[in-house]
Each structure stands twice: as C-alpha cells, then as structure tokens.
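Notes follow once the structure below has been shown.
The values are calculated or read from the model by the stated rules, or taken from the named source; none is laboratory data. All values reported here derive from a predicted model rather than from experimental measurement. Cβ sites come from the backbone with ideal geometry, for glycine too, and all protein chains shown count toward neighbours. The accessibility values were calculated without ligands, DNA or RNA, using every heavy atom of the protein model including side chains. Shrake-Rupley method; radii C 1.70, N 1.55, O 1.52, S 1.80 Å.
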Amino acid sequence: MMTSQQPDYDAIVIGAGFAGLAAIHHLREAGLSVKVFDRAADIGGTWTWNRYPGAMTDSESYYYCLTFSKELLQEWSWSKRFPDWKETLDYMRFVADKCDMWPHIQLNTEIVSADYQKDSGHWLITTGGGETYTCKYFISGMGMISEPVIPKIEGMDRFKGPLFHSSRWPQEGLDYADKRVGIIGAGATTVQMLPVMAQTAANVTVFHRTPNFIMPAMQKPMTPEWEKEIKDNYDEIVSMCRNHVFGMAFNTAGRNLADTPPEKIQQIFEENWNGSFRWVFETFDDLLSNPEANKMASQFIIDKMRERVDDPEVADLLIPSTDDYPLFAKRPPLDHGYLEAYNRDNVHLVDIKDREPIVEITETGVRTTENDYEFDIIVLATGFRAYTGALEAFPIRGESGESLREKWKKTSACIMGVCTADFPNLFMVTGPQAPFANLPTSIEQNVIWITDCIKKMESEGYDLCVPRQAAEEEWTAHVADIHEQTLMNQGDTVHSWMMGANIENHKPRVLIYFGGANAYYDRLRESVDGGFPEVAFERLAS
Ligand code: NAP
C-alpha cells in the first residue's frame, strides 16, 4: 500500500541542464509533479557555467539537442555546425519557453544534502537556505563533467587579480582586452579558449603538462540547403544517434584498417579529414580497439598538427608521440585555431612538466622553478571530477546512512549509470559506468528508462525501487571487462579524467562503459521490456 504521508513532489531533480529539461518533459507526461532545483541563476547546466570565450559544443548542433518533440526540432534553427555556449543556452531557453517548463524550475537554489527516509520511503532534500522538501523519486541531472578540479597550488589566495576555474567564468563577463592572462591546464577547454582570448588580450601564457591529440573542428555556417536537408531527415538523424557507438549522427565505416591495403589507408584518412570526431568513427571501425590501427591514426593526426605550428620547439611540446599513449586514452580536443594561436607573438607556452614546474602563485602571477610570470587574470582550466564529482560534492545518503562519496571510495559501482545499490528511488542521469557519448542522446535514453521505471511503480502501486546488489556487481564486472579490452584502459598513465586519473590521491578506476552507446541503449531497452530485473519493487508495510 502507498505511504500515508504525501511528499511535496513526486520527483525532485537537481540540475536544470539538458537532463533537467528532459526529465520535466517525460515525468510530466507520465503525470508526476516535478520540481527542478539548480544553484545557477539560469538554466543550461554546462552552458550556463562554461561561459569562457570560445566555449562551444564538440557535437554538431543539429543532434546536440532534445528530440522528444518533432515540433521543437523543426522550429529551432542553428546558425552553425558547432554552436557556442550562448546559442546552446538560447536553444535551451527556447525549449523551456515552448514547453512551458519554467514553473517547474527553481534557480539560485543549492542543494546541500539529500537523505533517504526509511520510514516513509521518501527523500528529504535540504537547500543551502535551510528549506527542506520531500519527494518520492530523487533524480540527479547534475551532469557528468560539472564538478571542477581545483589544483592544490601554494598561494592561490594571494593573487590580486581574478583567479577562477574555467567553468566558473564570471557570469557577467570579464574584460580581458589588453590584459595579461595566465591559463593553467591545456585540455579541451583551453583548446577552445586560447584562440579567442589571444585575439584581444595583451598576452596569454599557457602552463602545459601533457600533449593532446588535437583534431580540427572545421566550423561552418548552417546554410538554408543544409538546414532543409537536416529537417527533412530528422527521424533518420535521431535514429542514427540512437544506433551509434558514440551517440552521434555518424555513419559507421564498415571496414577495419587491419583489412585495408596500406596505400588505401592514407587516402581514406585524407578524404575524411573534414572536422569533428567523425574522422575517428567514419574512417575505420577498429581505431579504438586495434593498437596498430590506433598508432596509424595517431601518426596521421601528429603529422597534421605539425603542419600548423611554426616553432619546432613549441610543436614538440604540444604534439604527442605515438609512444606516449593511444588516441582516445585521453579525450581528444576539437580545435578552432588553437595550434595556430601559438604562432602569434602574444601567446607563450610553458612546459611545467619537465622544464619548469609551478612552484607557487604570487600576488602578481605564477612563479615556476625558472621564472616569474606576471598576470592580470589567472584561469584554472584544470578539468573536472567526472561522472561522480557532482554526486559526491554534498552528502547523498542512502538506506544504510552511508553517502555516495563513502560508497564510491574504491569503485564507482552502479547499475547502468542510472541507479546504485543501497539508494532506493534514487536515479541518476549519466551516472558512473554509463557510456561517454553525445550527451543529449544518452540523457534522453536515461530519462526514458527512469520514467518507464517510475510509470511501472505508479501503475502497480509500488513504493520503492530497490537496486539489486547482484545486478550492480554484474554490471560493474561487465564494464570493467570491456574497459580492459579497449585502449582507453591506458588513460591512467596520462591523468585521463575518463578514469578519474586526473584527481590527486584518488585511485584511477573504471568510470565509463566502453561497449558502445548503442549497445548500452539496447541494454536499457531490454531492461524495460524485461520488467527491470536489475531492481526489486517493494511496498512499504502500512
Ligand atoms: P581536462 O581535459 O581534464 O584538462 C585539464 C588540464 O589541466 C590538463 O591539461 C591537465 O594536465 C591540467 N592540469 C590538471 N591539474 C593540474 C595541475 N595541478 N597543475 C597543472 N596542470 C593541471 O579538462 P578540460 O579541458 O576542462 O576538459 C574536460 C572535458 O570537458 C573534456 O575532455 C570534454 O569532455 C569536456 N569539455 C567539452 C567541451 C565541449 O564539448 N565543447 C569543451 C570543453 C570541455 P594533464 O593533462 O597533464 O593532467
């Protein structure tokens, strides 16, 4: 029988990004009352936090969007192949307006704890302002790359100018024209940020450790003809994403490099060098599994990178060698002029790995073992605590009273990234051990699974969805087994966030399901069709 106490909401979601918007749509359609909280002053998630210059999607616009409404797909017009943060945010506001989602959203509200209540089977959610709310279903839409990693560098509080993490770019904007800027870190964020900042800053200095395989994005405007072609074929595009290993509207190559004559390989690489991650997935199907194929692809990228950097010493620092690590063991950035930015007189690269490690931050800049660098602004583009970070940032306590942070000390164990044992009625959108893929595709597939699960509970009168320990062990072993067979398992050697290897004093681990997003979406569907064998449905005693 149902609990006597009624919660404030059927479902509470934290995070008003793509996950929050998708959850509002699907749960509302299922007849539930839904409240979404977000600590930000706007919706948008990643796209409201990451307002740094040059921030844009690395997925192509027309499939980096929500697909639940054909009308939305037809009405919205993208201006380019890769939209910047502002355009993506405008799109999300358009969705929220059009679907009347705002009444469900409460902004400027930080959640500081979430506790499962054994007697009622509800979750008690507490805000930073001390308000409490209860719900039957508690859903994290907090994002898998949202909790920043702040490096431990001596003297960070001493610096007199603005110093902040790239994902905490001042919301009101920051005037960096004619200013001296220091950027610590050189991952995907810096690759986007540097070329834009270098255009107007007095100078920009990048403090760099590990080189990346950097591929060109090849931005281009949306033309009326291209837009028409997209809109005429949206059903197919959505289906391509759903059936692709990376959740993108890419074709599969249908051939392996291992079976291709050597003279054809370079030709195929060259013909497909058209920007985005397409190149990795549309040339050969074995680039991420066959070490030799991966080396040949890496070498092709290396040669392309070298053509674009004038100074050979700078090139040596920026460009990895095929012996360093496999392509995709670290997530490769997409480039909009990053490499060429180093050909400018006002851009400097500092090797903090081998030549001059950072010693401290001073009142006026950065001191390395060799030099003092003076800055007006310092940006920490030092990455994120991926997949688990947001879920561990405040206590989320389950049935035993243990928090997710405590539970995940050694292994970030989960069931398909959507739920975890000891946390009844807690659902996660793209939690740990889900794939790394085009996020809106994965988000929608996760929200559909969660909604289907809730619909079953509501229609059959269940109070609790209890994730099974055995299912968690099975999924965790399966994910680890697949991970072991891929080249991504070498990410721990190069601080890859994909293994949590970028976090100090943290044991690297399997965080991602690499068996293909499409196989994962199939598995979610099988779970729904099979009546959710990974969880037990229970009724509370009256
Ligand atoms: P990241 O790829 O993890 O890069 C962090 C950088 O900071 C690395 O160069 C790292 O060096 C350096 N670093 C970390 N700790 C440091 C320390 N204590 N001292 C000095 N350097 C340090 O982070 P990110 O660039 O923010 O990108 C993270 C992910 O976010 C991307 O891979 C991507 O998935 C996502 N992202 C997406 C987009 C997009 O799709 N449009 C844009 C930006 C980011 P090491 O490499 O040596 O550790």
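Of the strands (runs of 3 or more DSSP E) that lie entirely inside the stretch 46-140, not one contains 2 or more residues that are within 16 Å of the ligand (Cβ to nearest atom).
Yes/no per residue for (1) modelled with pLDDT under 95; (2) open to solvent by less than 20 Å² (accessible area, probe 1.4 Å):
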| position | (1), (2) |
| --- | --- |
| A437 | no, yes |
| P440 | no, yes |
| W449 | no, yes |
| A471 | no, yes |
| E474 | no, no |
| A477 | no, no |
| W497 | no, no |
| H506 | yes, no |
| V528 | no, no |
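Would you say G337 is within 16 Å of the ligand (Cβ to nearest atom) and modelled with pLDDT of 95 or more? Answer is yes for this residue.
Looking only at the stretch 166-177, residues that are closer than 14 Å to P148 by Cβ and either open to solvent by less than 30 Å² (accessible area, probe 1.4 Å) or touching a Cys at 6+ places or on another chain (Cβ under 8 Å) (or both) come to 3 in all. If you filter the stretch 494-506 down to residues that are outside any loop (DSSP other than H, G, I, E, B) and within 11 Å of the ligand (Cβ to nearest atom), you find that the one that is nearest to S298 (Cα to Cα) is V494.
Each row is one residue, and each column tells you yes or no for (1) surrounded by fewer than 17 Cβ atoms within 10 Å (Cβ to Cβ); (2) closer than 29 Å to K86 by Cβ; (3) among the basic types (K, R).
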site: V112; (1), (2), (3): yes, no, no
site: G128; (1), (2), (3): yes, yes, no
site: C135; (1), (2), (3): no, no, no
site: F164; (1), (2), (3): yes, yes, no
site: K179; (1), (2), (3): no, yes, yes
site: A188; (1), (2), (3): no, yes, no
site: M197; (1), (2), (3): no, yes, no
site: A201; (1), (2), (3): no, yes, no
site: H208; (1), (2), (3): no, yes, no
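Restricting the stretch 350-382 to residues that are farther than 17 Å from N203 by Cβ and aliphatic (A, V, I, L, M) leaves a set whose member that is surrounded by the fewest Cβ atoms within 10 Å (Cβ to Cβ) is V359.
Residue by residue, here is whether (1) touching an Asp or Glu at 6+ places or on another chain (Cβ under 7 Å); (2) of a type in the set (S, T, Y); (3) under 30 Å from D422 (Cβ atoms) holds:
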position	(1), (2), (3)
L73	no, no, no
D97	no, no, no
D115	no, no, yes
S146	no, yes, yes
R168	no, no, no
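Taken together, the residues in the stretch 436-466 that are without any contact (Cβ under 8 Å) to a residue 24 or more places away in the chain and not in a helix (DSSP H, G or I) amount to 0.
Residue by residue, here is whether (1) closer than 22 Å to W78 by Cβ; (2) within 9 Å of the ligand (Cβ to nearest atom); (3) modelled with pLDDT of 95 or more; (4) among the acidic types (D, E) holds:
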site	(1), (2), (3), (4)
K160	no, no, yes, no
I184	no, yes, yes, no
V196	yes, no, yes, no
Q199	no, no, yes, no
H208	no, yes, yes, no
I214	no, no, yes, no
M222	yes, no, yes, no
E227	yes, no, yes, yes
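Given the residues T451, T368, which is the only one that is out of contact with any Ser or Thr (no Cβ under 9 Å at 6 or more places or on another chain) and over 27 Å from S146 (Cα atoms)? Criteria check complete, one pass: T368.
Could you tell me whether G155 is open to solvent by 50 Å² or more (accessible area, probe 1.4 Å), at pLDDT 95 or above and not charged (D, E, K, R)?
no
Taken together, S77, S59 contain a single residue that is touching a residue at least 24 places away in the same chain (Cβ under 8 Å), farther than 21 Å from A390 by Cα and open to solvent by 20 Å² or more (accessible area, probe 1.4 Å), which is S77. Restricting R344, R385, R397 to those that are within 30 Å of Q219 (Cα to Cα), among the basic types (K, R), modelled with pLDDT of 95 or more and crowded, with 20+ Cβ neighbours inside 10 Å reduces the list to R385. Among the candidates M296, M248, M305, the residue that is of a type in the set (A, V, I, L, M), touching a Cys at 6+ places or on another chain (Cβ under 9 Å) and touching a residue at least 24 places away in the same chain (Cβ under 8 Å) is uniquely M248.
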